[in-house]
1. Quick one: count up the residues across the range 236-265 that are aliphatic (A, V, I, L, M), over 14 Å from Gly287 (Cβ atoms) and outside any strand (DSSP E or B).
2. Being surrounded by fewer than 22 Cβ atoms within 10 Å (Cβ to Cβ) and either acidic (Asp, Glu) or in contact with a Cys (Cβ under 6 Å, 6 or more places away or on another chain) (or both) is true for just one of Asp271, Asp259. Which residue is that?
3. Considering only the range 390-427, state which residues are outside any helix (DSSP H, G or I) and either of a type in the set (D, E, K, R) or touching a helix residue (DSSP H, G or I) at 6+ places or on another chain (Cβ under 7 Å) (or both).
4. Tell me, please, whether a residue that is in contact (Cβ under 8 Å) with a residue 60 or more places away in the chain and either more than 22 Å from Val399 (Cα to Cα) or touching a Cys at 6+ places or on another chain (Cβ under 8 Å) (or both) can be found in the range 109-123.
5. Within the range 297-349, how many residues are surrounded by fewer than 15 Cβ atoms within 10 Å (Cβ to Cβ), in contact with a helix residue (DSSP H, G or I) (Cβ under 6 Å, 6 or more places away or on another chain) and within 18 Å of Phe231 (Cα to Cα)?
6. Among the numbered criteria (1) within 17 Å of the chain's Cα centre (by Cα); (2) modelled with pLDDT under 95, which single criterion is violated by Met87?
7. So which residues in the range 142-156 are in contact with a helix residue (DSSP H, G or I) (Cβ under 9 Å, 6 or more places away or on another chain) and of a type outside the set (A, V, I, L, M, F, W, C)?
8. Would you tally the residues in the range 44-76 being part of a loop (DSSP other than H, G, I, E, B) and surrounded by 15 or more Cβ atoms within 10 Å (Cβ to Cβ)?
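The values are calculated or read from the model by the stated rules, or taken from the named source; none is laboratory data. Predicted model only: the values in this text are computed from it and were never measured. With ideal geometry, Cβ positions are generated from the backbone for all residues, glycine too; neighbour counts draw on all protein chains shown. Only protein heavy atoms, including side chains, enter the accessible area calculation; ligands, DNA and RNA are left aside. Shrake-Rupley method; radii C 1.70, N 1.55, O 1.52, S 1.80 Å.
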Amino acid sequence: MHLIETEITLREAADYSFENTTMNALAATNRNFKLAARLLGLDSKLEKSLLIPFREIKVECTIPKDNGTLASFVGFRVQHDNARGPMKGGIRYHPEVDPDEVNALAQLMTWKTAVANIPYGGAKGGIGCDPGELSISELERLTRVFTQKIHDLVGVHTDVPAPDMGTGPQTMAWILDEYSKFHGYSPAIVTGKPIDLGGSLGRDAATGRGVLYATEALLNEYGKSISGQRFVIQGFGNVGSWAARLINENGGNIVAISDVTGAIKNDNGIDIPSLLKYAKEHKGVKGFDGGNPIDPQSILVEDCDILIPAALGGVINKENANEIKAKFIIEAANHPADPEADEILARKGVVILPDIYANSGGVTVSYFEWVQNIQGFMWEEEKVNNELKTYMTKGFKDVKEMCKTHNCDLRMGAFTLGVNRVARATVLRGWEA
């Protein structure tokens, strides 16, 4: 029974991606950083030092395969910045993991943790492998060898990994066990663990719940609430399904939803509890009889008040931006809108709540998990959710303040907020010493 559960956990791991980001985010992150540095008037030497990573680790992980042959995989960990606290970021298992990508994603985590105002820096890691091609025992051996190679360079107060694409709670359990062999029992070494090993209640729903709180904060600015608004959600994985469930519970009317299997629409509102049950049984939304099937390509341009892209990056681009009918876009995915689309949507008066803030609920509750592990005192789920709401609400106010100060949109408000916090911590610590 245990093995079956483990297999399911790993198969669903891509869905579990906590701090997941796509390749398209790389150029956009650098562009946004440079714009923010200009708005803040950062010294050019300081600007350069903020971009250079603290440490880059590359290790060879050789394991015996089940058939007796040896296989070698390359593992990376880029530790970008620790001015504000231990570095934080996911570990992904994917065939296309490469140092440039990991580097940029580590940088993005530095700004994201600063926007969330949690005491972390940024990191990212991964192993170049296809988890679908490896057995459970091979994945376990690979994870343990990787941990053995980097255990003295990560730590509870140094660098705290988390799951990402192709990894999940089981991967974190193996890292925790292997690390503890060297350093004694250390549950705070990773977040996104199984509840039985010190994982936090409310972690599974955290990114989706953060999206709910972020949306509430934005609508509040316009004298609106979730109730009665018409939503379209692209993506029905971990984040999209939780966002749908919570928005529905708060009176929001979800009129269209898509996932990798297909897309459905119901102008009167989709029955979310029934869809959640159906999608679990049928591995997707395709064929659900509570809505009409539509072309998944049209999901982003369906008529609605609020569009929530919660799937891949780069889906909103110059080709479809003009046809988007939503008044608000909440970026639950990482980098769903290209810079060209940003400009088109701004001209149309569409308000975009940027990913760097909107989907930070996951890393915020990862922080709560770390705090609970260090204290050795676990919180009730209600406390986790209340604390998350406090952080998301305060985060929105802080972003709005930067928008007023620099006369910029919400995306630049979030980037100037994050970069400014890291720059201030860096200067206070004496970066030129």
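1. Going residue by residue through the range 236-265, those that are aliphatic (A, V, I, L, M) are 239, 243-244, 246-247, 254-257, 260, 263-264.
Going one step further and asking which of them are over 14 Å from Gly287 (Cβ atoms), we end up with 239, 243-244, 246-247, 254-256.
Still in the list and also outside any strand (DSSP E or B): 239, 243-244, 246-247.
Matching residues across the range 236-265 total 5.
2. Result: Asp271 is the single residue among Asp271, Asp259 that is surrounded by fewer than 22 Cβ atoms within 10 Å (Cβ to Cβ) and either acidic (Asp, Glu) or in contact with a Cys (Cβ under 6 Å, 6 or more places away or on another chain) (or both).
3. Cys408, Asp409
4. Taking every residue of the range 109-123 in turn, none turns out to be in contact (Cβ under 8 Å) with a residue 60 or more places away in the chain and either more than 22 Å from Val399 (Cα to Cα) or touching a Cys at 6+ places or on another chain (Cβ under 8 Å) (or both).
5. Total satisfying the criteria: 1.
6. (2)
7. Those that are in contact with a helix residue (DSSP H, G or I) (Cβ under 9 Å, 6 or more places away or on another chain) and of a type outside the set (A, V, I, L, M, F, W, C): Thr143, Arg144, Thr147, Gln148, His151, Asp152, Gly155.
8. Residues of the range 44-76 part of a loop (DSSP other than H, G, I, E, B): 52-54, 65-69.
Pick out the ones that are also surrounded by 15 or more Cβ atoms within 10 Å (Cβ to Cβ) and you get 53-54.
Here the count works out to 2.
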